[in-house]
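The values are calculated or read from the model by the stated rules, or taken from the named source; none is laboratory data. Everything numeric here is computed off the predicted structure, so don't read it as measured data. Using ideal geometry, Cβ is built from the backbone for each residue, glycine included, and neighbour counts are taken over all protein chains shown.
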Amino acid sequence: MNKKIILLFTLSLLVFTFLLGCSQDTSTPDNTSEKKSVITTSTMITDLAQVIANGSDNVTITGIMGPGIDPHLYKPTAGDAELMQKSHLIVYNGLHFEGQMGQLFKQMKSRGIPTISLADSMKDYEGVSFIETDEFGGTHDPHMWFDIPIWKGAAKVMKDALIELDPQNKTLYESNAKVYLEELDQLASYVQNRLKELPVESRVLITAHDAFNYFGRMYDFDVRGVQGISTEAEAGTRDIKDLADFIVERKIGAIFVEASVPRKNIEALQAAVKAQGFNVEIGGELLSDSLSEPGGEADTYLKMIRYNVDTIVNAIQSN
Ligand SMILES: [Zn+2]
């Protein structure tokens with residue numbers, strides 16, 4: 001072999017080694033892929049995870065249901081399934097709230113991915129009692145976030161799940177949870193104070209679907225929904241007729257649409273009331289099963305509860 005060939009051979013070997021080096025570089029995890037991925041379902045749960053994980057560089061939170069999405073009806077996409085497969089922790093509401101996702105949760109559990117139902121995790125918590133129902137596929141009403149003490153329990157479950165996932169940041173998660181529990185107590189006082197403005201006889205809340213039973217139980221409201229606990233079953237004309245009779249009889253001034261449920265049933269109810277010669281106003285749009293868009297009036301859980309209570313009290317007072 002002459003020197004030229006040896007040089008060429010050495011050069012090509014160097015280039016090959018360099019390329020190999022490059023390809024190895026791309027396969028080693030970078031900083032972002034070292035983070036633990038947490039997948040959440042509803043916007044309320046995504047908010048809760050973000051609050052408790054605030055300031056942690058070790059986890060990323062991805063909520064699969066955006067604002068305005070109805071979780072009862074949401075069908076997971078192939079992209080959601082892929083995200084969940086690659087994740088390190090999945091946190092969902094449970095009690096059949098995510099009506100179309102049960103199978104996927106089971107699959108993820110069987111793959112060994114910690115898949116946590118907030119509701120199931122709180123079963124033995126002191127002060128947590130779920131409202132029973134035989135109305136849809138579940139046995140308990142899933143809209144538990146409207147009970148602030150229950151949501152405090154959910155915050156504790158979230159904190160414990162994050163500590164299990166990332167023990168290095170235990171102190172951070174504990175201190176975030178402590179601050180948040182205090183904020184939830186302040187929120188509960190705010191709600192109590194605002195509702196004092198309403199006499200018990202005017203505490204009637206009529207909305208698009210039965211999302212407010214926990215709210216009703218806490219604050220002595222008579223709560224009615226045009227649709228039932230899940231939005232999966234359509235409202236019948238009978239339901240609308242009965243509710244219209246009730247509104248006329250009780251001379252109720254305001255009913256409410258919900259951001260994640262089409263307005264048509266509430267508008268049909270308003271029309272049915274009008275047909276009986278009585279006027280009921282649409283008192284505003286409540287956030288029931290989803291927070292508002294980021295930057296909106298109710299883009300966090302704390303803001304959502306305040307916004308709802310303000311909307312309800314203001315509308316009932318002025319009608
Ligand atoms: Zn609902």
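With the structure loaded, tell me whether L302 is among the hydrophobic types (A, V, I, L, M, F, W, C) and under 30 Å from V51 (Cβ atoms) or whether it fails that test. Walk me through it before giving the result.
Details: among the hydrophobic types (A, V, I, L, M, F, W, C): yes; under 30 Å from V51 (Cβ atoms): yes.
So L302 fits the description; yes.
Within the bounds of the range 132-144, is there any residue that is surrounded by 19 or more Cβ atoms within 10 Å (Cβ to Cβ), assigned to a helix (DSSP H, G or I) and within 14 Å of the ligand (Cβ to nearest atom)? Yes, that holds for at least one residue. Being closer than 30 Å to V59 by Cβ and either within 16 Å of the ligand (Cβ to nearest atom) or part of a helix (DSSP H, G or I) (or both): is that true of T171 here? Spelling it out, T171 is indeed closer than 30 Å to V59 by Cβ and either within 16 Å of the ligand (Cβ to nearest atom) or part of a helix (DSSP H, G or I) (or both).
Answer yes if at least one residue in the range 270-282 is in contact (Cβ under 8 Å) with a residue 40 or more places away in the chain and among the aromatic types (F, W, Y), and no otherwise.
First pass over the range 270-282, keeping only residues in contact (Cβ under 8 Å) with a residue 40 or more places away in the chain: none.
Looking through the range 270-282, none of the residues is in contact (Cβ under 8 Å) with a residue 40 or more places away in the chain and among the aromatic types (F, W, Y).
Answer yes if at least one residue in the range 238-245 is at pLDDT 95 or above, touching a strand residue (DSSP E or B) at 6+ places or on another chain (Cβ under 7 Å) and over 27 Å from Q100 (Cα atoms), and no otherwise. Yes: one or more hits. Among the residues of the range 115-135, the ones that are within 19 Å of the chain's Cα centre (by Cα) and touching a residue at least 60 places away in the same chain (Cβ under 8 Å) come to 2 in all. Summed over the range 196-233, the residues that are of a type in the set (S, T, N, Q) and in contact with a strand residue (DSSP E or B) (Cβ under 6 Å, 6 or more places away or on another chain) give a count of 4.
Filtered by the rule that a residue be in a loop (DSSP other than H, G, I, E, B) and either loosely packed, with under 13 Cβ neighbours inside 10 Å or polar (S, T, N, Q) (or both), the range 77-122 gives T77, K86, S87, N93, Q100, R111, G112.
Could you identify the single residue in G112, G153, G99, G79 that is touching a residue at least 40 places away in the same chain (Cβ under 8 Å) and of a type in the set (G, A, S)?
On the way: G112 fails: touching a residue at least 40 places away in the same chain (Cβ under 8 Å); G153 fails: touching a residue at least 40 places away in the same chain (Cβ under 8 Å); G79 fails: touching a residue at least 40 places away in the same chain (Cβ under 8 Å).
The match here is G99.
The set of residues in the range 134-168 being of a type in the set (S, T, N, Q) and either under 18 Å from V91 (Cβ atoms) or at pLDDT 95 or above (or both) consists of Q168 alone. Determine which single condition D160 fails, assuming it passes every other condition in (1) free of Cβ contacts under 8 Å to residues at least 40 places away in the same chain; (2) of a type in the set (D, E); (3) within 17 Å of G283 (Cβ to Cβ). Unmet for D160, out of (1) free of Cβ contacts under 8 Å to residues at least 40 places away in the same chain; (2) of a type in the set (D, E); (3) within 17 Å of G283 (Cβ to Cβ): (3). Candidates L205, L243, L187: the one that is in the same structural domain as S129 (by TED's automatic domain parsing) and in contact (Cβ under 8 Å) with a residue 24 or more places away in the chain is L187.
In the set (1) at pLDDT 95 or above; (2) of a type outside the set (D, E); (3) not assigned by TED's automatic domain parsing to the domain that holds L95, I52 fails one condition alone, (3).
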